Amino acid sequence: MTVTTPNPADAGSGEALAAPVPEPTPVSLDPLKGSKVRLGDRVFRLLAEGSGVLIVALIAAIGVFLLWRAIPALARNKENFFTFGGNWVTTDTSAMHFGILDLLQVTVFVSVFALLIAMPVALGIAIFVTQYAPRKMAGPLSYMVDLLAAVPSIVYGVWGLYVLAPVIKPFALWLNKDLGWLFLFKTGNASVAGGGTIFTAGIVLAVMILPIITAVTREVFIQTPRGQIEAALALGATRWEVVRTTVLPFGLSGYISGAMLGLGRALGETIALLIILRGTQTQFSWTLFDGGYTFASKIAATASEFNDQFKAGAYIAAGLVLFILTFVVNSAARAAVAGRGAK
């Protein structure tokens, strides 16, 4: 039998047997699962996760605390908490009468009115600063608008009642006289000429939330891709057409989120509305020339009753509703932004 010995010269030919190649060792992208774990990565990850869990835990703790303190007062309430809008009677803690209907209506009405005033103004400022204003003007103008957020609420309240109200008094009287047939401008429970109405409070509140909406909208508009703007200009679009076809569609979600942030700020405003709005004991009539209390101003105005757990519990129950309301507004904003982003 003849045995054939392979020729070493044929080692480089295709007929030669290739040596087996070892499988590559899989590399984990997770720094905490690898063999060589960096201490800094582990610490940073734990801090980030812990911060997120802490925020959620704090919010949940606040909600549980409000509910826990509100339940004893709600148990002694002789009215429907959600539909009663009359006087708050907490003198006799064994038979209390309170509800949030009027507080909810006034809070939502004045906040939405302020938002309707602030949104177009903020949009105009953001478009002018980012698209039209020279650079030397855009910086100082943005800075001046942002400074409005630094003014204390009590200053806004005093300014609104003693400076703004006399200035807008003729306009308010004209609206009440000539457009009083419309429910928004009919005479309410507060004096039209006195200035302590939702009309005055809404304008002041619009000025207060203007910096928030403007800042968010401006920063989103700045991020519009430069290529899209230059492409529109190359096709012969005017400056306004560029804004309408590129800047506004790109920044619409940011504009909506900024408006919702402003609405959340308006819902919780306290001192300015406490100074301006005239609290009334009659039912809210859905007119701009009415007075009343918001959730926050009602709680602040009756802080002297917090020495009793049941009296305090009635207002804590109102605060719990405001707490939930802000969550609903923020959730709606996130849903709107997410839906816009999906498109």
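The values are calculated or read from the model by the stated rules, or taken from the named source; none is laboratory data. Since the model is a prediction, treat every value here as computed from it, not as a measurement. Glycine also receives a Cβ, built like all others from the backbone with ideal geometry; neighbour counts cover every protein chain displayed. Note: areas computed on protein heavy atoms with side chains; ligands, DNA, RNA excluded. Shrake-Rupley method; radii C 1.70, N 1.55, O 1.52, S 1.80 Å.
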Among A172, V151, A61 - extreme Cα towards positive end, dipole of the chain, charges at beta-carbon: A172
Debye intensity ratio in log₁₀ form over the Cα atoms of the stretch 101-305, taken at each q of 0.10, 0.15, 0.18 Å⁻¹: -0.50, -0.91, -1.14
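If we count every other residue with Cβ under 13 angstrom of L161's Cβ, Lys/Arg +1 and Asp/Glu -1, where does the sum land? Each step should come with its number before you reach the end.
Details: positive: K169, R278; negative: none.
For residues surrounding L161, the net value is +2.
Sorted by accessible area with a 1.4 angstrom probe, largest first, how do E269, E219 fall? Please report the intermediate quantities before stating the final value.
Working: E269 5, E219 90 Å².
These residues rank, largest area first, as E219, E269.
Grab the beta carbon distance between R226 and S285, set R0 = 51 Å, and tell me the FRET efficiency rounded to 0.05. Working shown, then result.
Values: r = 52 Å, r/R0 = 1.02.
The calculated FRET efficiency here is 0.45.
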Cα gyration tensor, the chain - rounded (a/c under 1.5), prolate or oblate: oblate
Extension gain (nm, one decimal) between M137 and A57, 0.36 nm per residue minus Cα-Cα: 24.3 nm
Crossing angle, helix 39-75 versus the chain [Cα axis fit, 0-90 degrees, rounded to tens]: 30 degrees
Cβ-derived FRET efficiency at R0 51 Å, A237 paired with D92, nearest 0.05: 0.15
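Please work out whether the stretch 48-188 counts as rounded, prolate or oblate from its C-alpha gyration tensor, where a ≥ b ≥ c are the square roots of the eigenvalues and a/c under 1.5 means rounded, while otherwise a/b larger than b/c means prolate and anything else oblate?
Values: a/c = 2.76, a/b = 1.30, b/c = 2.12.
Verdict is oblate for the stretch 48-188.
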Whole-Å distance, taken between Cα centres, linking the stretch 62-129 and the stretch 219-255: 40 Å
Accessible surface of the chain, 1.4 Å probe, proportion on carbon and sulfur as whole %: 67 percent
Within a Gaussian network of the chain (alpha carbon springs, distance under 10 Å), most fluctuating of L54, L66, L39: L39
Calculated SAXS-style log₁₀ I(q)/I(0) at q = 0.18 Å⁻¹ - the stretch 37-85, Debye, Cα scatterers: -0.70
Residue among G52, G160, G180 with the largest mean-square fluctuation in a Gaussian network model of the chain, springs linking Cα atoms under 10 Å: G52
Principal-axis tilt of helix 309-342 within the chain, Cα atoms, nearest 10 degrees: 50 degrees
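Roughly how many Å² is the accessible area per residue of the stretch 101-305, as a whole number, for a 1.4 Å probe?
Result: 46 Å² of accessible area for each residue.
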Angle in degrees between helix 248-267 and the longest Cα principal axis of the chain, rounded to the nearest 10: 40 degrees
Too-long pairs where the Cα-Cα distance tops 30 Å, listed order kept, from K136/K169; K78/K298; K169/K298: K136/K169
GNM top mover of T287, T217, T238 - the chain, alpha-carbon springs below 10 Å: T238
